[in-house]
Ligand code: PRP
C-alpha cells in the first residue's frame, strides 16, 4: 500500500467531516470539495519536478524555479467536475480532458459514456479527479483508458475511499499513487461507501430527488 496517501492534515479532516455531514447544503458542499481539492493537490504535487529559470527581480538578475512537467487533469464526470476549478487554480497551465462514467445501478459496474481525450497524451503527468472511490471500478477503468492513451505518470486524487476500492485500484494499477482525504469503513450492499457522504454528484449538483433513496 506504499502508493496510498490518506491525508493526516487537520484542515483536511475538519473539512471532510463537514462535507460528509448530511446537513451540508449543495453550495457549501461545492465549496468544501474545492477547498479539499486544493489541500489534497498541495500534498499530491509535492514531488513535481522543477527546472531552474533565470529572471530579474527589480533588484538584480537571479535564478528561480518553474514546474518542469506538463500536467493533464482528467475529471471523471460528473462528480470529478467539482474538483476541476480548484485544480486549475492551483495548476493554471494544466490541460483538462474529460471522461464521463456512471455506475450501473444493478451491476455497480462503470459505464463509459463520454471520452474527449485527443489521440495521444500530451502530458508528462496526469491527475485523475473523482471524489469517490467505492468499488474502485470507475477509477480502474478510467486509469486503464488514460494508460492506453499513453500517460505514464498518473495519480488518482479522490476525497473518500472505501477499503474495497483502494485495494482494487492499487492492485490493478500499482504504479498509480492514490491521494485521499479519508478512508472509510466499508461498502454497503448497494456498494455505497459507509459512512461515506451519500452520492457526491447529486450533492454537488443539487439533484437529490426526494423519496428516491
Ligand atoms: C460515483 C463517483 C465515482 C463512482 C465511484 O459516480 O463519482 O465516479 O461512483 O464508484 P465505484 O468506485 O464503485 O466505481 P456515479 O456513478 O454516481 O456518477 P455521477 O458522478 O454522475 O453521479
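Across the alpha-carbon atoms of the range 118-159, the computed radius of gyration and Dmax are 10.4, 29 angstrom.
Ordering 208, 143 from the fewest to the most neighbouring beta carbons within 10 Å gives 208, 143. Counted by neighbouring Cβ atoms within 10 Å, the residues 205, 192, 29, 156 run from fewest to most as 205, 192, 29, 156. For the chain, relative contact order (Cα pairs under 8 Å, six or more residues apart, normalised by length) works out to 23 percent. Taking each DSSP H run with n ≥ 4 as -39500 (n - 2.57) and averaging over every residue of the chain yields -9500 deg cm²/dmol at 222 nm.
The relative contact order of the range 11-67, computed from alpha carbon pairs under 8 Å that lie at least 6 residues apart in sequence, is 24 percent. What whole-number distance in Å separates the alpha-carbon centres of the range 1-21 and the range 121-153? If you average the Cα positions of each part, the centres end up 21 Å apart.
Restricting to Cα pairs below 8 Å that are 6+ residues apart, what does the relative contact order work out to for the range 35-137? Please round to a whole percent.
27 percent
Relative to its Kirkwood radius, the Cα radius of gyration of the range 91-174 gives an Rg/Rh of 0.95. Distance between the modelled labels on residue 70 and residue 95, one decimal in nanometres: 0.5 nm (7 Å Cα→Cβ projection). As a size descriptor, the averaged projected area of the C-alpha convex hull of the range 38-99 was calculated at 5.1 nm². In the chain, the DSSP beta bridges split such that about 35 percent are antiparallel, to the nearest 5.
Between residue 38 and residue 106, the FRET efficiency from the beta-carbon distance, with R0 = 35 Å, is close to 0.45.
Pairwise Cα distances in the chain exceed 27 Å for 30 percent of all pairs. Working ranking of peptides 90-98, 163-171, 43-51 by packing, defined as the average number of other Cβ atoms within 10 Å per residue, highest first, is 163-171, 90-98, 43-51. Take the Cα of residue 59, step 7 Å toward its Cβ, do the same at residue 147, and the gap between the two points is 5.0 nm.
Each value in this text was obtained by applying a stated rule to the coordinates, not by laboratory testing. What you see is a predicted model, and the numbers here were worked out from it, not measured in a lab. Every residue, glycine among them, receives a Cβ derived from its backbone with ideal geometry; neighbour counts consider all protein chains shown.
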